[in-house]
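Peer 1: Sharing a structure here in structure tokens format.
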Amino acid sequence: MSRRIHPAVVGAQPFQLTARERFDGPIFETEEGKHRLEAALSRYPTKQAALLPMLGFVQSVKGWIEPADMVEVAEALDLTPAYVHSIATFYTMYNKHPVGRHFVQVCTNISCHLNRAEEVLHRFLAETGTREGEISDDGEFTVIEAECLGACGFATVVQVNDRYLEDVTPDRVPGIVENLRGGRDP
Amino acid sequence: MAENGAKATVTLTIDGVEVTVPSGTRVIEAAEHVGVVVPRYCYHPGIPTRPAQCRMCLVEVEGRPKLEPSCTLQAADDMVVNTASDTARTARQSVIEFLLVNHPLDCPICDAAGQCMLQDYAYVTNQLESRVDEPKRIMGRDRISDDILYFADRCVICTRCVRFMRDVAEDDSLIVAQRGDKAYIDTFPGRELDNPFQGNIVDVCPVGALVHEDFVFKARSWDMDATASVCPGCPTGCNVTIDTKENQIVRVKPRHNAAVNSWWMCDYGRKHLVMTNRGVRAEVPLIRDGGGDGDDGGELRPVDWATALDWVAEKVAALGAPGGSAVVSPDASNENLFYLRTLLDRLGVADAAFRVPQGETAELPTVPTLKLRADRAANAAGAGFFGGRRADGPPDGPAGGALVVLDDELEGAGEDFGGSADFFLYLGTRLPGPARNADAVLPIATFAEMDGTFTNFENRVQRFHQALRPPGLARPGWMVLSRVLARLGDGEAVNDVRGAFERMAAQAPAFAGLTWDGIGLKGAPAAGSAAEAAGVAGPAEAGA
Ligand code: SF4
Ligand code: SF4
Ligand code: FES
Ligand code: FES
């Protein structure tokens, strides 16, 4: 998985990678990990400043950030694990619990709410057979409610891993879930 | 500094009182000069960072549209500050109301009750009824270190504890986890704090969120007596307050002294201070005078003080100046050592060995004077003043003449220790095995059971005060020794430490010019010491 990457997007990961592969193990021992770390460090005056992108990177590769990852990031950036823990927990969008391979975030803020977001959410939960935040039995899905995703013109907006689905109606939900399950484009 | 024409001082008005303070002073500190303690949570005078995050210290400044946090606001010329205006009061009241939204109000079982800044301010701002209908957030309790518990629901997230660890102890292992109303203090999951100075986070906590485990549910603040004292753990001599209840030490807290320990102390010192005052003690004078029921009359027998002192004085008088040796404890007070030296001189004993246990050192990075030092004794400097000789290894008694031991536990001494001395006098807080060879055992008080002074590593003479009643017939060493000497026609029997100190200052050059009252609660440098020149004046005491 080694490609040159611009430092500006060092914490991000393209949709395909996150949806199809999940990595387990020490991240900064992989080629990709080393490269990301190096690119991030080149961008900031201090190592500490690379913390957010590196946590983002870990999450994009693993789906969530577990304590062992925090220790790894801390060591890579010369920080204490406790400090990394404080930052990782401050930001709610870092997952501190495992999630399914498809992490579905349904926006329920004003615009989306007016466009039946609640129904979309409940449809997702019903189709995947989960309660909010749970991992489905097959390990494929976790569905949660999200605040405004910044695409209000296309309500209801649903984010699956790093990809936006726009104008989602309750009726489209079964198809989306089926495609995701089948490894196809939603 | 007159750089750029900047003035050395500024003059402002706080609550109608004009006050002149050094420029750069924050309003919260300037207010203390006029006796106004502005309510605060996040500000602590010993912690350098001032996040101004609790908003408790907001004050009104004339001509400014908004309230300003006085903990970061610099005092300026002609500033007119009102700490108690209606707007300031209302703001404070809102802060308290917000804090109380989720606070459990478990004051009846909280160890901080009575000494809690949330309780105090809630009363002051007169919040008698809650306007909250929602259930409270419940978080529970956590262990922060092997002996510190964290009651998350009581926490006001002032981050004093986190900033003490990070900015004073330079240890980044205590953090705020989560945010908003879910925020709490935490270490890394599965790890605990492990810093030799971590106990201070309990002292800086303005509420009952952080508590020492060995203090939990032990005492209510209004049932305790506080006594100014000095930690005997090492030659640093941190100034402390000993809290006692029913003649037991229940808690030790650092007492501010800018020249010694700033606002802090080490964890070893806290534990050590409590432990030195536990255990089985020598409580009754014992003499081997041939009296009593024993057939051979060679047994130690308990007697009252008058009998013991008469007998010891008689013995000393009869001996003349036979020479011999002495073993003294480097934990003995200056006064005890002084009187002992006077007695030793009379006996012709020049040598007084003292043995100092050694331990690991620990430094508090940002406070250069505060260091847990390798010498684990309070008064090695004092022992040195009175002709003491630092020694290693087990003590050995003299071949003849007098043997006097002052509170050394005689570890490593042989079974027949002192057997060949003509007269063996033991003054001690306890009665270790070899001390039973003595001809007389005089039970004395520990430092916590009497008034006295220690000399710290910089030769700073510091007072400590009686926090406990001595057990049984034990009495301060200086009181006992002054009576032996008085019976020999040397000076008066003293009952008050002032008398003991006065005589010491008159006769011992190191203490020349010092008086008990003059030393005060912050100590004073011994005559001719390096610390004498340094003379540090401490900043205002108020409002930890
Ligand atoms: S535990 Fe105490 S000192 Fe620490 S943030 Fe909470 S209230 Fe402040
Ligand atoms: S540094 Fe020394 S004097 Fe200070 S608290 Fe620790 S043991 Fe006591
Ligand atoms: S409200 Fe849903 S994207 Fe803004
Ligand atoms: S804001 Fe000033 S003490 Fe907290």
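The values are calculated or read from the model by the stated rules, or taken from the named source; none is laboratory data. These figures come from a predicted structure and were not determined experimentally. Quick reminder, even Gly has a Cβ in these numbers, built from the backbone with ideal geometry, and neighbours come from all protein chains shown. The area values use the complete protein model at the heavy-atom level, side chains included, leaving out ligands, DNA and RNA. Shrake-Rupley method; radii C 1.70, N 1.55, O 1.52, S 1.80 Å.
Peer 1: Considering each residue of region B:164-178, count those that are within 13 Å of chain A (Cβ to nearest Cβ), open to solvent by less than 10 Å² (accessible area, probe 1.4 Å) and not in a loop (DSSP other than H, G, I, E, B), and give that number.
Peer 2: Residues of region B:164-178 within 13 Å of chain A (Cβ to nearest Cβ): B:165-166, B:169-178.
Restricting the remaining residues to those that are open to solvent by less than 10 Å² (accessible area, probe 1.4 Å) gives B:165, B:169, B:174-175, B:177.
Now narrow it down to the ones that are not in a loop (DSSP other than H, G, I, E, B): B:165, B:175, B:177.
Looking only at that region, the number is 3.
Peer 1: Filter the strands (runs of 3 or more DSSP E) completely within region B:6-70 down to those with at least 3 residues that are touching a helix residue (DSSP H, G or I) at 6+ places or on another chain (Cβ under 7 Å). Step through it out loud before you land on a result.
Peer 2: Details: elements: B:9-14, B:17-22, B:58-61.
The qualifying strands (runs of 3 or more DSSP E) are B:58-61.
Peer 1: Got at least one residue in region B:106-116 being more than 14 Å from every other protein chain (Cβ to nearest Cβ), closer than 29 Å to B:Lys66 by Cα, open to solvent by less than 30 Å² (accessible area, probe 1.4 Å) and under 30 Å from the mean Cα position of the chain (by Cα)?
Peer 2: Taking region B:106-116 first, the residues more than 14 Å from every other protein chain (Cβ to nearest Cβ) are B:106-116.
Next cut, closer than 29 Å to B:Lys66 by Cα only: B:116.
Imposing the further condition that a residue be open to solvent by less than 30 Å² (accessible area, probe 1.4 Å) reduces the set to B:116.
In the following step, the residues that additionally are under 30 Å from the mean Cα position of the chain (by Cα) were identified as B:116.
Within region B:106-116 (the criterion being more than 14 Å from every other protein chain (Cβ to nearest Cβ), closer than 29 Å to B:Lys66 by Cα, open to solvent by less than 30 Å² (accessible area, probe 1.4 Å) and under 30 Å from the mean Cα position of the chain (by Cα)), the answer is yes, since at least one residue qualifies.
Peer 1: Can you tell me which condition B:Asp214 does not meet? The list is (1) in contact with a strand residue (DSSP E or B) (Cβ under 8 Å, 6 or more places away or on another chain); (2) modelled with pLDDT under 95, and all the others hold.
Peer 2: (1)
Peer 1: Where residues in region B:350-372 are in a strand (DSSP E or B) and without any contact (Cβ under 8 Å) to a residue 60 or more places away in the chain, which of them is nearest to the chain's Cα centre (by Cα)?
Peer 2: Step one: filter region B:350-372 for residues in a strand (DSSP E or B), giving B:352-355, B:358, B:362-363, B:371-372.
Of the ones still in play, those that are also without any contact (Cβ under 8 Å) to a residue 60 or more places away in the chain are B:352-355, B:358, B:363.
Numbers: B:Ala352: 28, B:Ala353: 27, B:Phe354: 23, B:Arg355: 23, B:Gln358: 20, B:Glu363: 17 Å.
By that ranking, first place goes to B:Glu363.
Peer 1: Can you say whether A:Glu140 is of a type in the set (Asp, Glu), in contact with a Leu (Cβ under 9 Å, 6 or more places away or on another chain), away from ligand 1 (no atom under 16 Å from the Cβ) and under 22 Å from B:Arg179 (Cα atoms), as far as the supplied structure shows? Before the answer, list the steps.
Peer 2: Details: of a type in the set (Asp, Glu): yes; in contact with a Leu (Cβ under 9 Å, 6 or more places away or on another chain): yes; away from ligand 1 (no atom under 16 Å from the Cβ): yes; under 22 Å from B:Arg179 (Cα atoms): no.
No; evaluated as a whole, the condition is false for this residue.
Peer 1: Within region A:131-156, how many residues are within 16 Å of ligand 3 (Cβ to nearest atom), surrounded by fewer than 19 Cβ atoms within 10 Å (Cβ to Cβ) and assigned to a loop (DSSP other than H, G, I, E, B)?
Peer 2: Going through region A:131-156 one residue at a time, the tally reaches 4.
Peer 1: Here's a follow-up. Of A:Thr169, A:Thr128, which residue is touching a residue at least 40 places away in the same chain (Cβ under 8 Å), open to solvent by less than 40 Å² (accessible area, probe 1.4 Å) and outside the structural domain of A:Met54 (by TED's automatic domain parsing)? Steps first, please.
Peer 2: Working: A:Thr169 fails: open to solvent by less than 40 Å² (accessible area, probe 1.4 Å).
Just a single option satisfies the conditions, and that option is A:Thr128.
Peer 1: Take the residues of region B:134-158 that are among the basic types (Lys, Arg) and assigned to a loop (DSSP other than H, G, I, E, B): which is nearest to B:Asn195 (Cα to Cα)?
Peer 2: From region B:134-158, those among the basic types (Lys, Arg) are B:136-137, B:141, B:143, B:154; that's our starting set.
Filter once more, so that each one left must be assigned to a loop (DSSP other than H, G, I, E, B): B:136-137.
Numbers: B:Lys136: 34, B:Arg137: 31 Å.
Result: B:Arg137.
Peer 1: What's the number of the condition B:Ala122 fails, among (1) surrounded by 19 or more Cβ atoms within 10 Å (Cβ to Cβ); (2) in contact (Cβ under 8 Å) with a residue 40 or more places away in the chain?
Peer 2: Just one mismatch for B:Ala122, condition (2).
Peer 1: Quick one: in region B:203-235, which of the residues that are polar (S, T, N, Q) and surrounded by fewer than 21 Cβ atoms within 10 Å (Cβ to Cβ) is farthest from B:Cys266 (Cα to Cα)? Explain how you work it out, then say what you get.
Peer 2: Initial filter on region B:203-235 (polar (S, T, N, Q)): B:221, B:227, B:229.
Checking the rest, the ones that are also surrounded by fewer than 21 Cβ atoms within 10 Å (Cβ to Cβ) come to B:221, B:227.
Values: B:Ser221: 22, B:Thr227: 19 Å.
Among those residues, the one meeting the criterion is B:Ser221.
Peer 1: Let me ask something additional. Show the residue pairs meeting these rules: Cβ distance below 7 Å; 6+ apart or different chains; first residue within region A:60-88 and facing chain B (nearest Cβ under 7 Å) and in a helix (DSSP H, G or I); second residue hydroxyl-bearing (Ser, Thr, Tyr) and surrounded by 21 or more Cβ atoms within 10 Å (Cβ to Cβ).
Peer 2: Partner pairs satisfying both residue conditions: A:Ala82/B:Ser173; A:Ala82/B:Thr187.
Peer 1: Out of all the residues in region A:33-52, which are charged (D, E, K, R), open to solvent by 60 Å² or more (accessible area, probe 1.4 Å) and more than 14 Å from every other protein chain (Cβ to nearest Cβ)?
Peer 2: Pass one, region A:33-52, residues charged (D, E, K, R): A:34, A:36, A:38, A:43, A:47.
When the remaining residues are screened for being open to solvent by 60 Å² or more (accessible area, probe 1.4 Å), the result is A:34, A:38, A:43, A:47.
If the condition is that a residue be charged (D, E, K, R), open to solvent by 60 Å² or more (accessible area, probe 1.4 Å) and more than 14 Å from every other protein chain (Cβ to nearest Cβ), then A:Lys34, A:Glu38, A:Arg43 are the ones that fit.
Peer 1: Sticking with this structure for a sec: Those residues that are in a strand (DSSP E or B) and either aliphatic (A, V, I, L, M) or farther than 21 Å from B:Glu18 by Cα (or both), I need them from region B:71-93; list them, please. Outline the logic, then answer.
Peer 2: The first filter runs over region B:71-93 and keeps only residues in a strand (DSSP E or B), leaving B:74, B:80-82.
Matches in region B:71-93: B:Val80, B:Val81.
Peer 1: A follow-up question, please. Have a look at B:Pro206, B:Pro235 and point out the one that is within 16 Å of ligand 4 (Cβ to nearest atom), of a type outside the set (Gly, Ala, Ser) and either touching a Lys or Arg at 6+ places or on another chain (Cβ under 9 Å) or outside the structural domain of B:Asp142 (by TED's automatic domain parsing) (or both). If you could, list the steps in order and put the result at the bottom.
Peer 2: On the way: B:Pro235 fails: within 16 Å of ligand 4 (Cβ to nearest atom).
Unique residue meeting the criteria: B:Pro206.
Peer 1: Let me ask something additional. Which is more than 30 Å from B:Lys371 (Cβ to Cβ) and buried (at least 22 other Cβ atoms within 10 Å of the Cβ), of B:Leu309, B:Leu273?
Peer 2: Being more than 30 Å from B:Lys371 (Cβ to Cβ) and buried (at least 22 other Cβ atoms within 10 Å of the Cβ) holds for just one of B:Leu309, B:Leu273, which is B:Leu309.
Peer 1: Would you point out the residue of region A:91-108, among those that are touching a strand residue (DSSP E or B) at 6+ places or on another chain (Cβ under 8 Å) and open to solvent by 30 Å² or more (accessible area, probe 1.4 Å), that is farthest from the other protein chains (Cβ to nearest Cβ)?
Peer 2: The first filter runs over region A:91-108 and keeps only residues touching a strand residue (DSSP E or B) at 6+ places or on another chain (Cβ under 8 Å), leaving A:95, A:98-108.
Subset that is open to solvent by 30 Å² or more (accessible area, probe 1.4 Å): A:98, A:101.
Details: A:Pro98: 15, A:Arg101: 25 Å.
In this case the residue turns out to be A:Arg101.
Peer 1: Would you mind stating whether A:Leu55 is open to solvent by less than 10 Å² (accessible area, probe 1.4 Å), more than 10 Å from chain B (Cβ to nearest Cβ) and of a type in the set (A, V, I, L, M, F, W, C)? I'd like the intermediate steps shown before the answer.
Peer 2: Details: open to solvent by less than 10 Å² (accessible area, probe 1.4 Å): yes; more than 10 Å from chain B (Cβ to nearest Cβ): yes; of a type in the set (A, V, I, L, M, F, W, C): yes.
When the stated conditions are applied, A:Leu55 passes them.
Peer 1: If you don't mind, another one. Out of B:Glu129, B:Glu170, B:Glu134, I need the residue that is modelled with pLDDT of 95 or more and away from ligand 1 (no atom under 13 Å from the Cβ). Which one?
Peer 2: Answer to the check: B:Glu170.
Peer 1: Provide a single number: the residues in region B:179-188 that are modelled with pLDDT of 95 or more and either buried (at least 21 other Cβ atoms within 10 Å of the Cβ) or assigned to a loop (DSSP other than H, G, I, E, B) (or both). It would help to see each step written out before you state the result.
Peer 2: First, the residues of region B:179-188 that are modelled with pLDDT of 95 or more: B:183-188.
In the following step, the residues that additionally are either buried (at least 21 other Cβ atoms within 10 Å of the Cβ) or assigned to a loop (DSSP other than H, G, I, E, B) (or both) were identified as B:183, B:185-188.
Count: 5.
Peer 1: With the requirement that a residue be among the charged types (D, E, K, R) and outside any loop (DSSP other than H, G, I, E, B), what does region B:297-323 give you? Please lay out each step first, then the result.
Peer 2: So in region B:297-323, the residues among the charged types (D, E, K, R) come out as B:299, B:301, B:304, B:310, B:314-315.
Hits for region B:297-323 are B:Arg301, B:Asp310, B:Glu314, B:Lys315.
Peer 1: Also, I was wondering about something else. For the condition open to solvent by 50 Å² or more (accessible area, probe 1.4 Å), without any contact (Cβ under 8 Å) to a residue 40 or more places away in the chain and of a type in the set (Asp, Glu), what is the one hit in B:Glu97, B:Glu18? Don't jump to the end; show me each part of the working.
Peer 2: Details: B:Glu97 fails: open to solvent by 50 Å² or more (accessible area, probe 1.4 Å).
The unique qualifying residue is B:Glu18.
Peer 1: Can B:Ile201 be described as within 16 Å of ligand 1 (Cβ to nearest atom), outside the structural domain of B:Ala381 (by TED's automatic domain parsing) and modelled with pLDDT of 95 or more?
Peer 2: yes
Peer 1: Among the listed residues B:Ala380, B:Ala362, B:Ala391, identify the single one that is within 16 Å of ligand 2 (Cβ to nearest atom), among the small types (Gly, Ala, Ser) and under 30 Å from B:Ala512 (Cα atoms). Before you say what the answer is, go through the steps one by one.
Peer 2: On the way: B:Ala362 fails: under 30 Å from B:Ala512 (Cα atoms); B:Ala391 fails: within 16 Å of ligand 2 (Cβ to nearest atom).
Residue meeting the stated conditions: B:Ala380.
Peer 1: Within region B:118-133, how many residues are of a type outside the set (Val, Ile, Thr) and in a helix (DSSP H, G or I)? Spell out how you get there, then give the answer.
Peer 2: First pass over region B:118-133, keeping only residues of a type outside the set (Val, Ile, Thr): B:118-123, B:126-131, B:133.
Imposing the further condition that a residue be in a helix (DSSP H, G or I) reduces the set to B:118-123.
Going through region B:118-133 one residue at a time, the tally reaches 6.
Peer 1: Can you pull out the residues in region B:241-268 that are of a type in the set (A, V, I, L, M, F, W, C) and surrounded by fewer than 20 Cβ atoms within 10 Å (Cβ to Cβ)? Steps first, please.
Peer 2: Within region B:241-268, the first condition is being of a type in the set (A, V, I, L, M, F, W, C), and the residues that meet it are B:242, B:249-250, B:252, B:258-260, B:263-266.
Matches in region B:241-268: B:Val250, B:Ala258.
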